[in-house]
Structures are given as structure tokens and as C-alpha cells.
Amino acid sequence: GDSVTQMEGPVTLSEEAFLTINCTYTATGYPSLFWYVQYPGEGLQLLLKATKADDKGSNKGFEATYRKETTSFHLEKGSVQVSDSAVYFCALLNSGGYQKVTFGTGTKLQVIP
Amino acid sequence: EAGVTQFPSHSVIEKGQTVTLRCDPISGHDNLYWYRRVMGKEIKFLLHFVKESKQDESGMPNNRFLAERTGGTYSTLKVQPAELEDSGVYFCASSSGTRSGNTIYFGEGSWLTVV
């Protein structure tokens, strides 16, 4: 079945540091890929998405490129802020059948001043 | 436009009691999903409604969980009797269609603690 593997956290960075959170997936067909974010005390928010190979999703300074050859969708940001502290979930939605989002385990990011 | 709303936002109950979680999807969304995240693990699919019909309930953990969506509008998820391992965050989500390009919108979650 479909699965998503993302790097374990927690990840602690200083403000303005470069961020990479690795994500790889296993799926049949041509899934859409997502990054969701959960800020403390809040629900899941869609951060960015990519629906086909080589697409780049971007939002709020975050980027991720759909790499079919490496089955990866790594999240990057050039300069993190304290307000980026949250849990980040990589996810996929397969094109076959009915919609069922498969999530990774989540990576907690803590940014310190 | 209102997003997906869930109630209650937080609930603390004793083992053996019953809890009912409610989800109001975005207006006009036929697809409604329940997910949960237990003890810091991954977010797992529970079930999927299309209007009032259960399309896929393969993720429901056991018969202590009952989901309904009467009339195809809001949905309830009842846990009876609750066990300690049911503690976690229960997310509801909705979408307008089933094509892969559609976005699934999540609510803020119902945080359940069973003591």
C-alpha cells in the first residue's frame, strides 16, 4: 500500500537557519504530494502541494519539488523564523480510487531566537 | 466561507464513558473524512463518507467506534466505551470531489483525553 516516510524529529534550528525536512514516498500510480503544518494548539493547514512530477509547491517561503525519480518531496526554507515552529506532515493522495490521504509521522520543528 | 468545524475542541473523559465528536464540513462538500493521530504517531485514516454513505471505513479500529452522517451534512463519531488508547486528536476533513487534484480541508481537531 501507499506509505510516506519522513525524517524523525524534533529538529531544532536557530532563527535564520536553513531548513530541510526529508520526505520519501511509496505509491502506485501518480499521487499528489502535500505538506501540512500544525501550529501549537491549532488544526492541520495545507502548506503546499504538487500534483505531478517536477512540480514545485511553494508558500510562505517554503518550497518542495516533486521528484518522481527519487520518490521524494523534501521541504525546504532558506531562513526559518520562530513563528515556523510547528509539526510538519508530508502526505500523499493517490490518483486511483477514492481520496484517502496517507500521512507521514510528522516532524516537529523548533526554532530558537 | 466557514471552514471545517469540529466540536468539542477538547474533551477529557473517564475510561468506559462515551464521547461523541461532531464535524461540520464546508458547505457543499459531499466528501467527509475522519482521521486521528494517537500518541504522537502518524495521522491515520478512519473512514470516508460520500454524502450520507460510508464509502470506506477500513480504518475504523474496532466496533467501539461508530460514525454517522445522517442527511449527508454534519457527521458524528462516537466512541463507546472509551479506552485509554483512544486518547489523541481526531481530525475531520472535507472535499468537494474525488479527483486527485482536489484539496482536502481539515478542521482544527478534537483533542480527546481518556483517563
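Tell me, what % of the accessible area of the protein assembly as shown is carbon and sulfur with a 1.4 angstrom probe? All intermediate terms of the calculation are to be shown ahead of the outcome.
Numbers: 5210 of 10900 Å².
Roughly 48 percent, rounded to a whole number.
Computed FRET efficiency, Cβ-Cβ of residue B:63 and residue A:3, R0 35 Å: what is it to the nearest 0.05? If you can, show how the numbers build up before the last one.
Numbers: r = 27 Å, r/R0 = 0.76.
Result of the calculation: an efficiency of 0.85.
Rg (Å, one decimal) plus Dmax (Å, integer) for the alpha carbons of chain A?
Both quantities, over Cα of chain A: 13.6, 45 Å.
Give me Rg over Rh for the protein assembly as shown, both radii from the alpha carbons and Rh done the Kirkwood way, two decimal places. Each step should come with its number before you reach the end.
Numbers: Rg = 17.5 Å, Rh = 18.0 Å.
When Rh is taken as the Kirkwood radius, the ratio is 0.97.
Work through the residues other than residue B:69 whose Cβ is under 14 Å from its Cβ and net out their charges, Lys, Arg +1 and Asp, Glu -1. Let's see the in-between values first.
Details: positive: B:22, B:51, B:54, B:78; negative: B:24, B:30, B:52, B:56, B:57, B:68.
Surrounding charge for residue B:69 is -2.
Counting Lys and Arg as +1 and Asp and Glu as -1, what is the net charge of the other residues whose Cβ lies under 13 Å from the Cβ of residue A:18? Before the final figure, lay out each step's value.
Numbers: positive: A:77; negative: A:15, A:16, A:63, A:76, A:84.
For residues surrounding residue A:18, the net value is -4.
From Cα pairs below 8 angstrom and at least 6 apart in sequence, can you work out the relative contact order of chain A, rounded to a whole percent? Walk me through the numbers on the way to the answer.
Working: 298 pairs, mean separation 41.5, N = 113.
Relative contact order for chain A comes out at 37 percent.
What does the charge add up to near residue A:28, with Lys and Arg as +1, Asp and Glu as -1, over the other residues with Cβ less than 14 Å from its Cβ?
Local net charge: +1.
Compute the relative contact order of chain B as a whole-number percentage, counting only Cα pairs closer than 8 Å that sit 6 or more residues apart in sequence.
Values: 289 pairs, mean separation 42.3, N = 115.
Once normalised by length, the contact order is 37 percent.
Hey, with R₀ at 25 Å, roughly what FRET efficiency would residue B:74 and residue A:81 work out to, going by the Cβ-Cβ distance, to 0.05?
Working: r = 37 Å, r/R0 = 1.48.
Between residue B:74 and residue A:81 the formula returns 0.10.
Given q = 0.10, 0.11, 0.17 Å⁻¹, what are the Debye log10 I(q)/I(0) values for the range B:4-111, with equal point scatterers placed on the Cα positions and solvent ignored?
Here log10 of I(q) over I(0) equals -0.25, -0.30, -0.73.
Rounded to the nearest 100 Å², what is the sum over both chains of accessible area buried where B meets A, with a probe of 1.4 Å?
On the way: alone 6630 and 6220 Å², together 10900 Å².
That pair hides around 1900 Å² of surface in total.
The values are calculated or read from the model by the stated rules, or taken from the named source; none is laboratory data. Computed from a prediction, not measured in an experiment: that's the story for all the values here. Heads up, the Cβs are rebuilt from the backbone with ideal geometry, glycines too, and the neighbour counts pull from every protein chain shown. To get the accessible areas, we keep the full protein, side chains included, count just its heavy atoms, and leave off ligands, DNA and RNA. Shrake-Rupley method; radii C 1.70, N 1.55, O 1.52, S 1.80 Å.
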